[in-house]
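Undergrad: This is the structure I want to talk about, given as structure tokens.
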Amino acid sequence: RIAYVNGQYVPHALAQVHIEDRGYQFADGVYEVCLVVDGKYWDLDGHLARLKRSLDELQIAMPMSENALRVVMDNVRKRNHLPSAMIYIQVTRGVAPRNHIFPVGLKPSLVMTVKPFDLDQSDAKAAKGIRVITQPDIRWGRTDIKSTGLLANAMAKHAASEVGAGEALLIRDGHITECSSSNAWIIDKDGVLITHPKSHEILSGITRETAKACAQELQLNVVERPFTLDEVKAASEMFLTSASSVVMPVIGVDSFKIGDGTPGPITKRLRESYKARAR
Ligand code: PDD
């Protein structure tokens with residue numbers, strides 16, 4: 001496998017970054033995960049716009065123009081002979097002697113890696129749906145920034161994996177914010193789709209935005225407001241959205257079944273409509 005590191009395409013096993021990279025010491029960096037299926041990028045404009053926004057919020061410069069980023073992404077993908085892939089892009093503030101204060105004039109570090117993606121496998125998983133567990137949302141107060149500081153997310157998802165669940169549903173101040181690496185949605189008894197509004201408490205998912213547009217095309221009602229675990233338990237359907245899971249049905253939360261314990265019909269339609277739109 002080939003990775004991109006600061007201007008060079010290098011064998012993955014030999015790719016290196018400096019020990020005083022601020023990404024390593026402070027998680028002082030941001031990332032994106034983009035999906036490409038059969039050579040077509042899904043929602044790429046949105047991912048690059050969010051990368052820019054995350055960097056702006058942290059006063060880190062874009063490492064290169066958006067168009068140059070697109071070229072490098074495609075080079076990495078092609079050098080790895082992957083028509084379908086998840087592309088990981090990470091930008092950190094750069095290398096400097098350790099100091100909490102942002103050093104001025106640093107050159108940001110840019111790393112890209114890819115891994116294979118198989119839409120058929122993803123479809124097979126979605127056909128079964130996944131179970132999730134609840135976890136307290138102990139993350140920092142700016143989860144709208146797609147920062148590499150993911151320890152709380154990793155802890156929550158690890159706890160889920162330990163009991164064989166696919167995701168952790170995060171609860172803060174009595175309401176669901178999102179999941180450890182995806183946005184959470186429920187569908188109530190009236191067929192209304194509910195998801196947490198954009199705020200500093202969630203990552204505003206690019207897949208979430210496109211799913212909203214798909215829902216509107218299907219003439220479904222979407223309401224953006226916080227919802228509670230009781231509403232989750234009473235929901236007729238539940239699903240998650242993210243670049244890697246697209247639209248993923250949830251069939252159980254902790255020891256509770258969602259609906260009849262199988263992927264819901266509206267969720268299935270939404271996933272199909274998403275794929276048709278992205279392709
Ligand atoms: N996760 N919420 C969190 C906390 C996330 O980490 C992600 C993305 C999302 C969904 O965002 P999007 O639809 O733009 O992928 C929501 C990526 C895929 C990851 O960390 O691997």
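Values quoted throughout were computed directly from the atomic coordinates according to the rules given, and no laboratory measurement underlies them. Keep in mind that what you see is a predicted model, and the values were worked out from it rather than measured. Glycine also receives a Cβ, built like all others from the backbone with ideal geometry; neighbour counts cover every protein chain displayed.
Undergrad: Is it the case that the range 127-141 has a residue that's within 15 Å of residue 33 (Cβ to Cβ) and not charged (D, E, K, R)?
TA: No, the conditions are met nowhere in the range 127-141.
Undergrad: Is one or more of the residues making up the range 258-269 farther than 16 Å from residue 129 by Cβ and surrounded by fewer than 23 Cβ atoms within 10 Å (Cβ to Cβ)?
TA: Checked the range 258-269: no residue is farther than 16 Å from residue 129 by Cβ and surrounded by fewer than 23 Cβ atoms within 10 Å (Cβ to Cβ).
Undergrad: Pull up the range 18-48, narrow it to residues that are within 13 Å of the ligand (Cβ to nearest atom) and acidic (Asp, Glu), then point me to the one that is surrounded by the fewest Cβ atoms within 10 Å (Cβ to Cβ).
TA: 45
Undergrad: If you take the residues of the range 67-88 that are under 28 Å from residue 142 (Cβ atoms) and surrounded by 14 or more Cβ atoms within 10 Å (Cβ to Cβ), which of them is farthest from the ligand (Cβ to nearest atom)?
TA: 72
Undergrad: Related question: Residue 249 - would you say it is without any contact (Cβ under 8 Å) to a residue 40 or more places away in the chain and either among the β-branched types (Val, Ile, Thr) or under 16 Å from residue 127 (Cβ atoms) (or both)?
TA: Against the criterion (without any contact (Cβ under 8 Å) to a residue 40 or more places away in the chain and either among the β-branched types (Val, Ile, Thr) or under 16 Å from residue 127 (Cβ atoms) (or both)), residue 249 does not qualify.
Undergrad: Sticking with this structure for a sec: Name the pairs whose Cβ atoms lie under 7 Å apart, with the first residue in the range 183-208 and within 12 Å of the ligand (Cβ to nearest atom), the second of a type in the set (Phe, Trp, Tyr), and 6 or more positions between them or separate chains?
TA: 185/239; 195/185
Undergrad: Take the residues in the range 231-257 that are within 16 Å of the ligand (Cβ to nearest atom) and small (Gly, Ala, Ser), then tell me which one is farthest from residue 133 (Cα to Cα).
TA: Within the range 231-257, the match that is farthest from residue 133 (Cα to Cα) is 243.
Undergrad: Here's another thing I want to ask about it. How about the range 49-66: which of its residues are under 16 Å from residue 111 (Cβ atoms) and either touching a His at 6+ places or on another chain (Cβ under 8 Å) or within 13 Å of the ligand (Cβ to nearest atom) (or both)?
TA: Once the filter is applied, which keeps residues that are under 16 Å from residue 111 (Cβ atoms) and either touching a His at 6+ places or on another chain (Cβ under 8 Å) or within 13 Å of the ligand (Cβ to nearest atom) (or both), the range 49-66 yields 51, 54.
Undergrad: Looking only at residues in the range 50-96 that are under 21 Å from residue 145 (Cβ atoms) and of a type in the set (Gly, Ala, Ser), which one is farthest from the chain's Cα centre (by Cα)?
TA: Applying the filter and picking the extreme gives 96.
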